[in-house]
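Participant: First the structure, which I've put down as structure tokens, then a few questions once you've had a look.
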Amino acid sequence: MNLLIHIRNGDELAFQQLFEACREKVFNYFVKKTNNRYDAEDLLQTTFLRLWKYRKSLSDDYLIDQHLFHIARTVLIDYIRRQNKVQLIKKAAAEIPQSTHPREIFSESKAIEGILKKMPALRRKVFILHKMEGYSYKEIAHKLSVDVKSIDNNISRALKQIRKALMGFFILFSS
């Protein structure tokens, strides 16, 4: 039996062999595309997690490398879309007038604190660990024993919740 069939049947040793054989090639692909070794590590892990998660759908019509790089390409596209969203959020945030009055600064920080308190516990914890303490998705996933996709979903939902709440806050104080 070939490696593809073993992996599709849930053989963890075959999956480990594939990981060892292809890790560097996939990692270098991501480094070349992102110019960021930390993001490349996260993308590498996500690629292999997806391969394992969807192993039962692997087709004999394609080589295991073809499956792997198809998944890697999809992971990269997701990453680029997230980066574009982050850039749009940063641009929108830069356009929001900055407060100079201490009372307004205090009000803004209180508003953010209030928004965080309203979030579900896991979302709040993930957001704080990533955005305020600087942990990577991979580090947070390991620390909280959840998968990387869950981290990504929670960050996305937290940003959406904050953006929505802050827009109301700024409208209220700019009137």
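The values are calculated or read from the model by the stated rules, or taken from the named source; none is laboratory data. Just so we're clear, the structure is a prediction, and the values are computed from it rather than from any experiment. Here Cβ is always computed from backbone atoms with ideal geometry, including for glycine, and neighbour counts include all displayed protein chains. To get the accessible areas, we keep the full protein, side chains included, count just its heavy atoms, and leave off ligands, DNA and RNA. Shrake-Rupley method; radii C 1.70, N 1.55, O 1.52, S 1.80 Å.
Participant: Tell me the label-point distance for the pair Ile5, Arg82, using the 7 Å Cα-to-Cβ offset, in nm and rounded to one decimal.
Facilitator: 3.6
Participant: For the range 45-78 and the range 106-168, write down the distance between their C-alpha centroids in whole Å.
Facilitator: 29
Participant: Additional query: Can you tell me the dipole magnitude for the range 1-82 around its Cα centre, using point charges on the Cβ only (Lys, Arg +1; Asp, Glu -1), in Debye to the nearest 20? Walk me through the numbers on the way to the answer.
Facilitator: Working: 13 positive and 11 negative charges, 69 e Å.
Its charge dipole is roughly 320 debye.
Participant: With each pseudo-label sitting 7 Å past Cα toward Cβ, what's the Gln66-Ala21 distance in nm, one decimal?
Facilitator: According to this spin-label approximation, the distance is 1.6 nm.
Participant: I would also like to ask the following. Once label points are set 7 Å from the Cα along Cα→Cβ at both Glu133 and Leu13, what is their separation, rounded to one decimal in nm?
Facilitator: 3.9
Participant: Which chymotrypsin sites (Phe, Trp or Tyr not before Pro) in the range 1-90 pass both tests, a DSSP loop state and at most 15 other beta-carbon atoms within 10 Å? Don't skip to the answer; put the middle values down first.
Facilitator: Working: sites: Phe15, Phe19, Phe27, Tyr29, Phe30, Tyr38, Phe48, Trp52, Tyr54, Tyr62, Phe69, Tyr79; in loops: Tyr54, Tyr62.
Passing sites in the range 1-90 are Tyr54, Tyr62.
Participant: Moving on to the next point. Give the ranking of Asp147, Asp152, Asp11 by solvent-accessible surface, highest area first, calculated with a 1.4 Å probe. Intermediate values should be presented prior to the final figure.
Facilitator: On the way: Asp147 85, Asp152 20, Asp11 55 Å².
Order by accessible area, largest first: Asp147, Asp11, Asp152.
Participant: Test of understanding: what is the full-extension gain from Glu41 to Lys143, defined as 0.36 nm times their sequence separation minus their Cα-Cα distance?
Facilitator: Working: separation 102, 0.36 × 102 = 36.72 nm, distance 1.64 nm.
So the extension gain works out to 35.1 nm.
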